[in-house]
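See structure below.
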Amino acid sequence: MQTACQAVQHQKGRRQYNKLRNLLKDPRHDCTVFANEFHQHCYLPREKGESMEKWQTRNIYNAAAWYHNHCLGQMPVVMVTEDEDAIRQYGNETEGVFVISFKNYLDNFWPDLKAAHELFDSIVQARRERESESQENHGKEYPEHLPVEVLEAGIKSGRYLQGALNVNKHRAQLEAFVRLQGVGSKDTELQSDILIYGTKARNRAIHGDVVVVELLPMHEWKGRTVALCENETEDKAPADTTGDPMPTGKVVGIIQKNWRDYVVTFPSKEESQSQGRNAQKVLVTPWDYRIPKIRISTQQAEALQEYRVVVRIDSWESTSLYPNGHFVRVLGRIGDLEGEIAAILVENSICAAPFSEIQMSEMPVSSPKNPWKVSPEEAKKRLDLRDTHLIFSIDPKGCEDVDDALSVRTLPNGNLELGVHIADVTHFVAANSYTDVEARARATTYYLADRRYDMLPSVLSADLCSLLSGVDRYAVSVLWELEKESLETLRVQYTRTLIRSAYKLEYETAQALLDGDTSVVGDILELKGLEEGARQKKLAELVWAISKLTDIARHVRAKRDRCGALELEGIEIRVQLDDKRNIHDLIPKQPLEVHETVAECMILANHWVAKRISEDFPHQALLRQHPPPRQEFFTELRECASAKGFSIDTRSNKALAESLDRANDPSDPIVNKLLRSMATHAMSNALYFSTGSCPEEQFHHYGLALEKYTHFTSPIRRYADIVVHRLLMAATLRGTTGDVKDNIISNKDLEELCRHINNRNRAAQRAQKQSTELFQCMYFRDRSAESDERCVADGIIYSIRTNGVLVFVPRYGIKGAAYMKNKEGLVISCQGAGSCQWKPGSLHRSQHKITSTTTTGDSMTLSLFDHITVRILVQSSRCHAETIKLEIIRNAPHHTVDTEAAQRSLHVVKSELVKEVSQSAEEAQRAQDRARVEVMDEESREFCQTKGPSLYQLLEEIRELALLDVTEDIRT
């Protein structure tokens, strides 16, 4: 009801009002707002001297009574309020209109909804505790935040600065940084983040909040920590462990609180006893180190000590050291695979629920008995390429959701025609349908180490929108006419098509054909059963097409290289499945030229589509930008490269690409990989944006060296591509009937949608990385670090800190810290290539090396890019995710008997990791089931949405999966 919404805004503030409006606008909730104040019989004028609250309550009740009579009394109307006077006044006035409290509403209408009752009790108890605490505590722990109008004026004048708060997870008690956004003053010369040192200066702001900062005087500025640290809780950092002073400030206000659900752990029995007098008030520890402890009120603390639990923050008063919150629900036991996966999903706000019945009802029917068929009416509207084009796909082994296919042919005039054909998802997903709304909310398919959560139902992603060979499919195609000699583009056509792919090739098969190896013909199912002559003819056509595609891709890549396109390090692996679709092996992806061929064709299509939609919709097209990185982020890269005598020029993408190509050590190829990895980390994130929200000079994609770029080629797994498909169709189907242009989003709405998609993409990357680390830790946790040879590996040093080094372990793709000084103050000492020991002594760090000197005079020096032998350990934590820890055991490389044997061993170890961890978790789960431990909510079973059968395409979608350091793929 309109008045009820306005009452929320008046009494609770705009933030709560906006949350309510967003819930009401979400079509999944089937809500309608009744504009009662514009209805003759539902509006009552405000009486003289009547308070706003009383008038709003009277209006709401009057409208509720009218609506009950309007429905002829066929259904009850419930008005929920905590106003006791209103309950007494209106509770018995109209039969069929219930005016009751929320507790009475739950008790009378939903008596069996246990979870809702528990949540309500938790919120009520938390509110009582908060009111009681505010009466007891008159002293202030933090300064009050400044009023909004003062903050806004200060930002405009340049006195204050605004940005998002990012807490350092390794020094959560000490360090947080604010990256500036929307700086009001043009006179500011700040080019770096602002350091917020200590929790007092943070002033109750929580990681992710948009805050307003006041800079401290320069003599109070501090430096960021340069020592290795283990998420300790000290309030001070040793004086010699900080870098050069940087702009330092304090939080004076919060513009936007980005609070969410938090996974926490209750204190153990020993910790509970030490927390004090009131057993119902408990300090719980969040899973995320960056979030402060939260005080909640509950009577279940003892029963929940072994579980991961979800809580929400309600408030953080200036009189309280900690924020106050309330209990929401239980996830699962600490250490159990499903419970830990559930924690990762909640921490990243990922919805893992199955698709609803109403969403599935929108899907076309396709079954073995009643297979889906092309509609004759739809076929007439499309360009039919089934008999004129040799179309084929090239994908990883086992891939089932084929969303792109390629074609190339010679035209009658001698020129070439290149075709990129993308699954026409928007034909099946209508704008603003239930499926579309759900896909928009998910924004992307989420990939974890052992499962995935789809953006679209599998009937689309694995069937009707999968461009499998030998079946008719709807597609959106981009066709280029290329000059036969120069391969320059003469003409381009965008159209909806009807295609039938002739071949579904694997990368390895396509590469073999490109190399002239015809022994793989037996692997091409579509050629089996043909007569020899027909088979040879079709094979020749296919080989010509792959070869010509590769020539075109080389030309396109060379053109981008001349403009400064970057080739950055990104390790990918292929997941090999057995007949039962269990993970059999994890094999590092071998770089093949055909990979680049397919990638270049996709980049070309994305680029040309970006040009077309931005021309037709200059103020409301969805593009993808990759801003140039800030030069200070390249400092560590330049310093590391100089240790090997290389010079890295970062003034432009072209200069960076050329200098990375030159930074190659023939005796150690890992050096170049590490430098490219460091360049990747220095990059800005590629982001979606609306063309109406920024000037055209900012459209550029730095990594790809393209003026305009978007995502068009994967609508099955990215919602951005669905939006781009609709834009392209609106731009190209001008003469057709229909309402394609009605589906175009305004610049304001598109800007908001881009923010949402960018946020979900970051969440997907974090979840993928965290699940990978979870499997690493669960695997190594069950191994004996002292005796199991798989826990010992070769490592290469890539960064020097004041108390240790950062090490990359190529065998597992792990990056981690190796300490050279322990908590007791002892330093590591290695004699020659012998084993290492801890002894009294000191460390001396210079730019490219660190030296450990014992009190007896023995010294050991480690330099950048040195190979050392490390032991892989797991650092356990009851409240947080476990982490990998490295221990130096020899100042020498770890030698293996045979390189190939070691590589085979690596494959076995990687496959065993995921397989054994999964099996252990399943056995543990069965044991719990036998013991009938049922504290975990039954709904948590739904987290296994696509486990097993849906693992078929981890290669294409996952960057640096399973055991590999996960970084964002900024290239596209």
Taking interchain pairs and intrachain pairs at least six residues apart, which have beta carbon atoms under 8 angstrom, with the first residue in region 2-25 and assigned by the TED database to the domain that holds residue 60 and among the basic types (Lys, Arg) and the second assigned to a helix (DSSP H, G or I) and at pLDDT 80 or above?
21/5
Pick from region 402-412, criterion surrounded by fewer than 17 Cβ atoms within 10 Å (Cβ to Cβ) and part of a loop (DSSP other than H, G, I, E, B), ranking: nearest to the chain's Cα centre (by Cα)
411
In this structure, does residue 358 turn out to be among the β-branched types (Val, Ile, Thr), more than 24 Å from the chain's Cα centre (by Cα), at pLDDT 90 or above and on the phi < 0 side of the Ramachandran plot?
yes
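Quick one: how many residues across region 749-776 are more than 29 Å from residue 619 (Cβ to Cβ) and buried (at least 19 other Cβ atoms within 10 Å of the Cβ)? Show your work before the answer.
First pass over region 749-776, keeping only residues more than 29 Å from residue 619 (Cβ to Cβ): 765-776.
In the following step, the residues that additionally are buried (at least 19 other Cβ atoms within 10 Å of the Cβ) were identified as 765, 767-776.
Going through region 749-776 one residue at a time, the tally reaches 11.
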So which helices (runs of 4 or more DSSP H) stay within region 307-380 end to end and still have 2 or more residues that are within 23 Å of residue 449 (Cα to Cα) and either open to solvent by 20 Å² or more (accessible area, probe 1.4 Å) or out of contact with any His (no Cβ under 6 Å at 6 or more places or on another chain) (or both)?
337-347
Residues in region 655-690 that are open to solvent by 10 Å² or more (accessible area, probe 1.4 Å) and among the β-branched types (Val, Ile, Thr) total 2
Exception for residue 432 within (1) under 23 Å from residue 461 (Cβ atoms); (2) crowded, with 19+ Cβ neighbours inside 10 Å falls at (2)
Considering each residue of region 524-554, count those that are touching a strand residue (DSSP E or B) at 6+ places or on another chain (Cβ under 8 Å), open to solvent by 50 Å² or more (accessible area, probe 1.4 Å) and part of a loop (DSSP other than H, G, I, E, B), and give that number.
0
Taking region 642-673 as the region of interest, how many residues are in a helix (DSSP H, G or I) and of a type outside the set (Ser, Thr, Tyr)?
14
Quick count over region 382-401, residues being buried (at least 19 other Cβ atoms within 10 Å of the Cβ), hydrophobic (A, V, I, L, M, F, W, C) and either in contact with a helix residue (DSSP H, G or I) (Cβ under 8 Å, 6 or more places away or on another chain) or not assigned by the TED database to the domain that holds residue 479 (or both), is 3
Which one is farthest from residue 600 (Cα to Cα) among residues in region 708-723 that are in a loop (DSSP other than H, G, I, E, B) and touching a His at 6+ places or on another chain (Cβ under 6 Å)?
715
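Does residue 560 satisfy the condition of being in the same structural domain as residue 483 (by the TED database), of a type outside the set (Asp, Glu), surrounded by fewer than 17 Cβ atoms within 10 Å (Cβ to Cβ) and within 34 Å of the chain's Cα centre (by Cα)? Before you say what the answer is, go through the steps one by one.
Details: in the same structural domain as residue 483 (by the TED database): yes; of a type outside the set (Asp, Glu): yes; surrounded by fewer than 17 Cβ atoms within 10 Å (Cβ to Cβ): no; within 34 Å of the chain's Cα centre (by Cα): yes.
When the stated conditions are applied, residue 560 does not pass them.
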Scanning region 71-122 for residues that are within 43 Å of the chain's Cα centre (by Cα) and hydroxyl-bearing (Ser, Thr, Tyr), which turns out nearest to residue 61 (Cα to Cα)?
81
What are the residues in region 413-459 that are among the hydrophobic types (A, V, I, L, M, F, W, C) and outside any loop (DSSP other than H, G, I, E, B), if any?
416, 418, 420, 422, 423, 425, 437, 439, 441, 459
Could you run through region 65-89 and say how many residues are within 21 Å of residue 39 (Cα to Cα) and outside any loop (DSSP other than H, G, I, E, B)?
9
(1) within 27 Å of residue 351 (Cβ to Cβ); (2) over 45 Å from the mean Cα position of the chain (by Cα): which one isn't true of residue 13, the others all being true?
(2)
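The values are calculated or read from the model by the stated rules, or taken from the named source; none is laboratory data. All figures in this text were calculated on a predicted structure; none of them were measured in a lab. Don't worry about glycine lacking a Cβ; one is built from the backbone with ideal geometry, like all the others, and counts go over all protein chains shown. In case anyone asks, the SASA skips ligands and DNA or RNA and just uses the protein heavy atoms, side chains included. Shrake-Rupley method; radii C 1.70, N 1.55, O 1.52, S 1.80 Å.
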